[in-house]
1. Three principal axis extents, largest first, for the C-alpha atoms of segment 286-397, in Å?
2. In Å and whole numbers, how far do the C-alpha atoms of segment 259-300 stretch along each principal axis, longest first?
3. Please report, largest first and rounded to whole Å, the three semi-axes of the ellipsoid equivalent to the chain, where each semi-axis is the square root of five times an eigenvalue of the C-alpha gyration tensor.
4. For ARG160 and ARG23, calculate 0.36 nm times their separation in residues minus their Cα-Cα distance, and state this gained length in nm to one decimal.
5. Taking the Cβ-Cβ separation of GLN33 and MET114 as r and a Förster radius of 51 Å, what is the calculated FRET efficiency to the nearest 0.05?
6. On a full-extension model of 0.36 nm per residue, what is the gain between ARG278 and GLN106, subtracting their alpha-carbon distance, rounded to one decimal in nm?
7. List the extent of the Cα atoms of segment 151-249 along each of their three principal axes, largest first, rounded to whole Å.
8. Give me the percent relative contact order of the chain, please, defined on Cα pairs under 8 angstrom at least 6 residues apart.
Amino acid sequence: MIAQEPADLVLPNARVPVSMIARLDKFGGARDQDCVHGDLLIRNGRAERLIPTGPTGGSPWVVLPKLTECHVHLDKCYTISRMCDVRDGLQAAIAAQAADRVHWTQSDIRSRAMRGLEELISSGCVSVRSHVDWGRDDSPNAPSLAWSVLGELAQECSDRVTLQLAPLTDAEQIADPAVADAIAREIASNGGVFGVFVFDQANRRMGIRQAFEAADRHGLALDFHVDEGLDDELDGLEVIADLAIETGFQGPVLCGHACHLMNLDPEALKKLTEKLLRSNIFVASLPATNLFLQGRADGTPDRRGLTRIHELRAAGVPVVVGTDNVQDAFCPLGRHDPRQSLALAVLAAHLDPPFGTHFPMITTSARKALGLAPNHIDGAVIGDLIMFGAASTSEVLAGVSPPVRISAAFQGEFA
Ligand SMILES: [Zn+2]
């Protein structure tokens, strides 16, 4: 909270990644690799520009917008300790996670999801999308208990974080237009996003079409788990792109996983990439779960199941990075932290430094993928920014320094 009549404040020795600035020509600062460097002038509670560094110096800071987590599963997290013998890839993980649902009471779901959400907030997140399993054992098309529990959490925490919820429906299930419409109506009633799992279901094409039509009728964004495997017959991403173009769908479409792209030869990849560009689809790379589940065989894996981050970005398709599963049947390790997920993508996909060019994948671009306005640094309310004790973006991504509120630098200046 800023005092009633704030004077100008200055954060000394600040670096801001160029990729986080909307109007670089007005922002000032001296270029330093992928950042600009100077003292950050804060006027009327907003980051205005960099001014030349004063003589006092001070500890170095890298300033970022608060982070965005585009893809987690807060209903599943922290369940791995209840499971044994989780191995053999995606289908085994789905079965193990389904068996764990006998433990999913209201208090169990709530305590695990809250722990995950607090971890996201502590990691510097201001916007989060969580998928939520849909359906009950006795009524597979009805909202799940987890759907209502996470809906309550989203409301309770709305002053600290924007939590979007996307039900994890099945493409086969929503191939029935009446089912798709009823689920879309329920999603719309709490501001959610239409989420669909697309794999090798016989009716996947019809399911995807119904998702587009129901989302359009109810004004929903779309989010697909799609082609989470390395089998040649997976074609969900292409069907989604074709239908996005055919229907002229206007809402944001985010496609997570897209592992199957690794199977395409250069000509087929170019053709599909052009369709993705025309359809304004965002692709989410989810390295942790893909590294753990994909390309399994006896011994050491030599296929890693990531999507084509380099090729998609080079073609202009927006790519974002998400955390996906944390300590559950799909990924037995990890924590809810977009910075850690980007660091993993750097290692797994050979994303080279300087890393400032990659930060939009967990900030500005990730916000756009969720249908939210990008949060650049210039003009941002300082409550929407975080800083790290670091002198470079490499140090930030190394993860040694925790995120710190900007106001912490001005003890006594803020109420
Ligand atoms: Zn997922």
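Readers should treat all values here as calculations from the given coordinates under stated rules, not as data from a laboratory. All values reported here derive from a predicted model rather than from experimental measurement. Counting neighbours? That spans all protein chains shown, and the Cβs are built from the backbone with ideal geometry, glycine included.
1. The Cα atoms of segment 286-397 stretch 53, 32, 30 Å along their principal axes.
2. 40, 21, 8
3. Working: eigenvalues 270, 111, 88 Å².
They are 37, 24, 21 Å, listed from largest to smallest.
4. Values: separation 137, 0.36 × 137 = 49.32 nm, distance 2.73 nm.
46.6 nm is the gain from fully extending ARG160 to ARG23.
5. Working: r = 39 Å, r/R0 = 0.77.
Given R0 = 51 Å and the Cβ-Cβ separation, E is 0.85.
6. Details: separation 172, 0.36 × 172 = 61.92 nm, distance 4.29 nm.
Extra length from ARG278 to GLN106 when fully extended: 57.6 nm.
7. Extents along the principal axes, in whole Å: 44, 28, 23.
8. RCO, the chain: 21 percent.
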